[in-house]
Amino acid sequence: MARYTGAVCRQCRREGQKLFLKGERCYSDKCSFTVRSYAPGQHGQGRKKSSEYGLQLRAKQRARRFYGVAEHQFRHYFEMAVKKQGVTGTNLLRILESRLDNVVYRAGYASSRAEARQLVGHGHFEVNGSRVDIASYLLKAGDVVTVCEKARATDKMKAVVEANSAKPVPEWLDVNRDAYEVKVVNLPEREQIEAPVEEHLIVELYSK
């Protein structure tokens, strides 16, 4: 599956807000969005008029980039959300939040979702005692994610856990840093999801 390999800071500038794609750098003065908050490209500083479709498209692209999901997979998640009971937009966000790489990031075991995706791909995490190396693996309420014994001993993992020790953890996750594990208490409600996503615009876009 194709994946964006360009400068990730361009994505924040294109969306007009920080998406926190590079971990600690996003909180420093080196953040490209802080230095140049306008859109990239020759005409990035020009005034632009947004149509209804343009706003809906930007909302979808912002959500995709925030969670690091490709277009085809994002559309698949939307189709899953439609089939579930409840509000489609909220269902979509719950699916995105329940991805293994997102839970690893939310729990503080990675500085960014990209780093979490890499760590999962290298087989550093187990779900309910079984090793899982698929970043898009969808977790359910009651699932327990643990850091593998070998990964716990690395200086990299220790440094990341220490750096994120003060990071707030979502209410729907129960993190035990001493045991290097996190339990999914329940799938989040909309008010428990902190994400720059206007899901109603995404639903409008895909419902055309």
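So that you can scan it fast, the table gives a plain yes or no per residue for (1) within 19 Å of Ser112 (Cα to Cα); (2) open to solvent by less than 40 Å² (accessible area, probe 1.4 Å); (3) of a type outside the set (A, V, I, L, M, F, W, C); (4) within 18 Å of the chain's Cα centre (by Cα):
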residue	(1), (2), (3), (4)
Val127	no, yes, no, no
Lys140	no, no, yes, yes
Asp143	no, yes, yes, no
Ala163	yes, no, no, no
Ala166	yes, no, no, no
Ile202	no, yes, no, yes
When the residues of the stretch 150-161 are filtered to those that are surrounded by fewer than 17 Cβ atoms within 10 Å (Cβ to Cβ) and of a type in the set (A, V, I, L, M, F, W, C), which remaining residue is farthest from Gly108 (Cα to Cα)?
Ala153
All but one of (1) in contact with a strand residue (DSSP E or B) (Cβ under 7 Å, 6 or more places away or on another chain); (2) modelled with pLDDT under 95 hold for Gln61; which doesn't?
(1)
I need the full set of residues from the stretch 174-193 which are within 30 Å of Thr154 (Cα to Cα) and open to solvent by 60 Å² or more (accessible area, probe 1.4 Å), in order please.
Asp174, Asn176, Asp178, Glu181, Lys183, Val185
Of the residues in the stretch 54-110 that are hydroxyl-bearing (Ser, Thr, Tyr) and in a helix (DSSP H, G or I), the one that is surrounded by the most Cβ atoms within 10 Å (Cβ to Cβ) is Tyr105
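The values are calculated or read from the model by the stated rules, or taken from the named source; none is laboratory data. Not measured: the values here are computed from a predicted model. As a convention, Cβ positions derive from the backbone with ideal geometry for all residues, glycine included, and neighbour counts pool all protein chains shown. Note: areas computed on protein heavy atoms with side chains; ligands, DNA, RNA excluded. Shrake-Rupley method; radii C 1.70, N 1.55, O 1.52, S 1.80 Å.
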